[in-house]
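Please treat every number below as a calculation from the coordinates, not as lab data. Predicted model, so just to flag it, every value in this text is computed and none were measured. Cβ placement follows ideal geometry from the backbone for every residue including glycine, while neighbour counts extend to all protein chains displayed.
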Amino acid sequence: MSLPLTVIGGYLGAGKTTLLNRMLTGDHGRRIAVIINDFGELNVDARLIADHAGDTISLSNGCMCCSASDGTAEAIARILKRKDEFDHIVIEASGVAEPGKVARNATGFHLPLDGVIVLADAEQLPHQAVNRYTGRSVIAQLQQADLIVLNKIDLVGPERLAETRELIARHAKGASVLLSERADLPYAVLFGARPPERLDQDPAGPDLEAHHAADYAAGLVERGPMTREEFEALARDLSSRTVRAKGHVVLRNVGEVRHLYQQVGSRWTLVADGTWQGAEPATRIVTITVRGTAHDHHCQSAPHIDPGLECTPEGGRVAG
Amino acid sequence: MAKHTSDGLTRRTVLKTTGAGALFTAAAFGLPRSVGAQSGAPVEKIFRGGTIVTIEESLPVAEALAIGGGRIIAVGSEADVMALATDATEIVELNGAAVLPGFVDSHGHFMNAPQIVSWANVSGPPVGPATSIAEVVAELKAHAERRNIPEGEWVIGYGYDPTLYSDGHEMTRDDIDAALPNHRVLVLHVSNHGCVLNSLAFKNFGMDENTPTPEGGTIARKPGSNEPAGLLMEAAFIPIFAQLPKPTEQELMDALENAQMLYTSRGVTTAQEGATHKPDLEFLIRAADQGRFKIDVVALPLVLEFPALIAEYAPNFRGGPMELPDATAKAFGTYRNRLKLQGVKIPLDGSPQGKTAFWTEPLLTGGPEGEADWVGFPLFAPEVVNPVVAEFVKKGVQIFTHANGDAAIDMIIDATRAAGVTAANNRRDCVIHSQFMRPEQLDAYVELGITPSFFTVHTFYWGDVHVENTGPKRAGFMSPMVSAKAKGIRFSNHSDFSVTPMDPLRMMHSAITRRSRSGAVIGEAERVDIATALRSMTIDAAWQIFEEDTKGSIAPGKLADLVILDRNPLEVDAEDLLKLEVIETFKEGGSVWRRQA
């Protein structure tokens with residue numbers, strides 16, 4: 001089974017720690033391993049801490065966070081020794097790091113990249129982007145994002161918000177931009193939603209919490225076995241109109257291989273993900289779209305495909 | 001009775017003279033004498049018959065030197081010093097050799113030493129012996145035999161650099177398999193960004209013709225095949241190195257003696273562990289408690305480790321994540337069993353040769369991946385650095401910043417100034433590397449009392465690359481010793497071991513010649529004289545860590561940390577500096593290394 005990897009970037013104060021706390025302690029049922037890369041510390045609710053050994057904190061919900069003080073790659077290698085204990089790896093890139101490079105430096109582990117999410121401070125971003133020391137880093141972060149979370153919009157007036165959005169549009173053409181307060185995003189956006197067990201259930205289920213229902217909508221795409229061309233056409237369509245999509249795919253000629261489709265913004269990957277384990281092979285992808293006008297959603301038509309993780313229908317031999 | 005020894009010195013003991021009268025005579029040298037010199041320690045050894053290079057301005061060279069009780073008792077004319085000899089005194093005939101103060105390593109990574117002494121050095125000259133792939137393979141095989149590494153275990157080499165080998169192509173797994181088919185072999189690339197594996201190592205990592213090449217990585221493949229050929233770089237290498245088995249604490253402990261020999265064999269009697277992680281610090285403390293150190297080790301814990309260190313050593317402290325307990329400074333500045341913490345290490349940028357330093361002006365050659373308008377990047381934002389620097393200043397802890405590019409240097413200048421520091425505070429905050437400075441930054445160093453630890457050996461190893469990347473003007477001002485000296489700044493010179501070898505003579509040579517591998521002079525105007533080069537590795541390096549009262553020169557009362565070189569470096573041509581040999585090294589009067597015949 002593949003262990004998806006998400007990289008969280010963004011300058012200081014953008015809300016990375018708040019977001020990571022939500023990922024670690026939220027009631028989403030996933031066991032997340034978080035690698036922390038910055039000064040300071042997560043203020044994890046002490047009641048949730050099951051064990052605190054060295055710079056590793058294990059939580060009672062199965063999540064874990066550890067420091068990358070001896071190297072991000074070393075931390076990944078440690079987690080992969082216990083890969084069956086986790087569902088998802090999240091790396092926090094430091095406040096001035098380029099998250100795209102952090103993600104790329106991890107590609108040798110052949111983990112399917114489940115997106116580079118960059119947070120930006122709606123109030124501070126225009127200042128940060130022109131800082132003589134760190135302005136270049138701030139802009140590089142935006143350019144490397146699959147999904148930009150423009151956070152703290154409750155703390156900013158309309159003029160500054162427009163200025164910040166214009167700045168993002170200028171530097172990160174085509175990136176999907178979501179607006180948030182206190183980094184509060186649906187789990188369905190952060191991790192992708194799991195397909196429902198029964199057809200009469202809401203596709204996103206508990207991963208799209210009630211208070212997000214006004215802003216986000218879930219949908220279910222179901223198909224039979226597809227050729228590679230048919231699948232790529234579907235992926236292009238999904239990445240042009242949804243901010244997030246995740247699910248399993250069955251390809252013609254390699255029907256016995258279960259493939260995992262993950263899409264964040266316009267980046268999508270397809271990797272072999274074990275077998276169907278007795279289930280009927282079927283393509284079932286849960287999509288998340290943005291409702292109304294409260295959120296920006298610029299999408300590129302050309303998908304970003306990770307070459308190392310590309311679908312190879314002939315042999316079905318890909319990473320994972 | 002005179003006795004010849006294999007190291008080129010002659011030793012004997014003599015009958016003679018009364019101790020009290022002799023000490024009285026010694027006082028007449030007019031040299032400063034500390035309490036230590038007057039403690040009445042018996043004169044154990046007298047060195048004579050060569051040159052004592054004291055690094056003291058009042059008496060730069062002397063004829064003879066008396067030591068006892070781990071300290072220097074007297075230095076001066078042969079007649080005066082010999083007058084101190086007793087019947088228990090050993091007379092060491094220098095036979096024309098020179099005694100210098102033991103070198104002080106002003107910045108390096110001591111914890112790399114116990115690691116690399118268990119690896120094979122396959123570097124090209126002058127770092128290592130290999131000039132061809134055949135020699136690399138032979139060295140790997142010889143290493144496995146010398147260390148009795150059983151089949152199936154790891155043989156690790158370092159310094160692989162095909163640009164210095166005669167073959168003109170990369171080494172392959174087949175090259176290594178031919179000699180070591182039954183060991184797992186990993187040979188680190190000189191950049192530390194890649195490696196070459198043999199077949200068993202590929203098998204160990206589960207890599208074969210089906211392994212895709214990761215984005216941003218290289219997996220060399222055999223011609224006409226998808227089978228990995230041997231070389232892995234960047235993103236393909238990162239997980240390999242991360243999964244390499246780490247030496248156990250006992251293995252590291254057992255390697256400490258050989259590790260220290262990398263220093264003592266070069267006359268270095270004070271080493272620096274200049275970026276200390278918490279587990280490394282705990283290892284060093286245990287090693288010190290077990291009495292494993294023959295030389296002094298100065299540790300600089302990394303700033304990132306402080307929250308964890310405070311949580312462990314000050315569990316009741318209730319400050320914020322980057323606040324320090326009031327008593328923090330008490331943990332610093334004092335040796336215990338040859339180990340001391342001296343200050344905090346704050347890394348601000350990467351390396352100029354890796355293009356990860358942080359400059360204000362773009363490189364002429366673009367970024368590491370061809371990025372246009374590339375200035376590198378800082379490791380931390382000023383909003384993080386400034387309060388951290390202010391807190392360490394407030395709590396009285398000396399700060400050692402890693403800064404190679406001028407923008408990173410600006411950052412620490414800003415932070416130090418914002419913390420209210422001036423030269424009058426005598427904090428001696430050190431900017432390690434200080435390589436790509438702008439001239440006016442030296443004025444800020446003067447204002448703030450910042451002392452640079454320069455890295456002149458870069459002009460040799462990477463000088464040509466720096467000219468290409470930054471142009472002759474910026475490259476010519478790297479590690480600007482002459483300009484710093486003109487402003488009255490005291491500075492040290494370092495090797496950044498194991499980035500470059502622990503080789504004080506080459507460091508000195510580079511400070512004097514600033515000559516690159518290709519023979520170009522990198523910044524003619526910044527070449528210093530030998531006396532300045534020597535000071536930067538002795539008295540000024542000692543001053544930088546507040547040890548100028550006990551180390552760095554040969555004066556009565558100071559520690560008898562000494563190196564004997566076969567010739568006087570003040571009197572040889574710059575070229576011959578590289579040919580000088582260390583005959584013997586003493587730490588507090590005890591011989592810690594001696595040249596074999």
| task | Scan segment A:39-91 for trypsin sites (Lys or Arg not before Pro) in coil per DSSP, keeping those whose Cβ has at most 11 other Cβ atoms within 10 Å, and list them by number. | result | A:K81, A:R82
| query | Straight-line reach from B:K222: which lysines have a Cα under 23 Å away, not including same-chain ones fewer than 8 places off? | reply | B:K203
| note | A correct Karplus calculation of ³J(HN,Hα) over segment A:45-62, with 6.51 cos²θ - 1.76 cosθ + 1.60, θ = phi - 60°, whole Hz and x for Gly and Pro, returns 3, 4, 5, 8, 7, 8, 7, 10, 10, x, 9, 10, 10, 9, 9, 5, 8, x
| field | Which of B:H402, B:H193, A:H212 has the fewest Cβ neighbours within 10 Å, and the rest in rising order | value | B:H193, A:H212, B:H402
| When we measure straight from the Cα of B:K340, which lysines land under 19 angstrom away, once same-chain ones fewer than 8 places off are left out? | B:K278, B:K294, B:K330, B:K395, B:K551, B:K558, B:K587
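Filter the trypsin sites (Lys or Arg not before Pro) in segment B:257-363 to those in DSSP coil with at most 14 other Cβ atoms within 10 Å of their Cβ, and list the result.
Hits after loop and neighbour filter: B:R318.
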| Share, in percent, of DSSP beta bridges within chain B that are antiparallel, nearest 5 | 55
| request: Please give the calculated 222 nm ellipticity per residue for the protein assembly as shown, where each DSSP H segment of at least 4 residues contributes -39500 (n - 2.57) and the sum is spread over every residue; nearest 500 deg cm²/dmol? | output: -7500 deg cm²/dmol
| note | Checking rank on B:79-88, B:178-187, B:366-375, with mean other Cβ inside 10 Å and highest first, the result is B:178-187, B:79-88, B:366-375
| task | State, to one decimal in nm, how far the label point of B:V482 lies from the label point of B:A424, with both points 7 Å from Cα in the Cβ direction. | result | 3.5
| note | Quick note on B:R567, B:R517, ordering by fewest other C-beta atoms within 10 Å, gives B:R517, B:R567
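Out of the DSSP beta bridges found with both residues in chain A, what percent are antiparallel (nearest 5)?
DSSP beta bridges in chain A are roughly 55 percent antiparallel.
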| said: For B:H494, A:H110, B:H509, which order do you get if you count the other beta carbons within 10 Å of each Cβ and list the fewest first? | reply: A:H110, B:H509, B:H494
| remark: Taking the alpha-carbon centre of each part, the distance from segment A:212-246 to segment B:519-597 in Å is 70
| Percent antiparallel among DSSP beta bridges (both partners in the protein assembly as shown, rounded to 5) | 55
| task | Choose one answer from A:E229, A:E85, A:E98: the residue with the largest mean-square fluctuation in a GNM of chain A with alpha-carbon springs under 10 Å. | result | A:E229
| message | Can you return the lysines within cross-link range of A:K152? Criterion is Cα-Cα under 24 Å, with same-chain partners fewer than 8 residues away left out. | response | A:K16, A:K173
| request: Mind checking B:210-222 for the average number of partner chain beta-carbons within 10 Å of each residue's beta-carbon? | output: 5
| query | For the pair A:L155 and A:A279, what calculated FRET efficiency results from E = 1/(1 + (r/R0)^6), where r is the Cβ-Cβ distance and R0 = 41 Å, to the nearest 0.05? | reply | 0.30
| task | Provide the per-residue ³J(HN,Hα) series for segment B:562-569, in order, calculated from phi with Karplus coefficients 6.51, -1.76, 1.60 and θ = phi - 60°, each as a whole number of Hz, with x at glycine and proline positions. | result | 9, 10, 9, 9, 5, 9, 7, x
| So what are the three principal axis dimensions of the protein assembly as shown from its Cα atoms, in whole Å, longest to shortest? | 107, 64, 52
| Nearest-20 debye value, the protein assembly as shown charge dipole, Cβ charges on Lys, Arg, Asp, Glu | 1060
| remark: For the B:K394, B:A327 Cβ pair and Förster radius 22 Å, calculated FRET efficiency rounded to 0.05 is 0.95
| task | Please give the average number of partner chain Cβ atoms lying within 10 Å of the Cβ of each residue in A:122-133, rounded to a whole number. | result | 2
| message | If you take each beta carbon of peptide A:60-73 and count the beta carbons of other chains within 10 angstrom, what is the mean? | response | 2
| request: Could you let me know the centre-to-centre spacing of segment B:418-486 and segment A:5-32, using Cα atoms, in angstrom? | output: 40
| Label-point separation (nm) for B:S166 and B:A314, each offset 7 Å from Cα along Cα-to-Cβ? | 6.0
| note | For B:202-210, B:159-167, A:28-36, ranked highest to lowest by mean beta-carbon neighbours within 10 Å, the order is A:28-36, B:159-167, B:202-210
| query | For the residue pair B:E369 and B:R221, what label-to-label distance in nm results when each label sits 7 Å from Cα along the Cα-to-beta-carbon direction? | reply | 2.2
| Distance between segment B:282-311 and segment B:147-175 - C-alpha centres, whole angstrom | 33
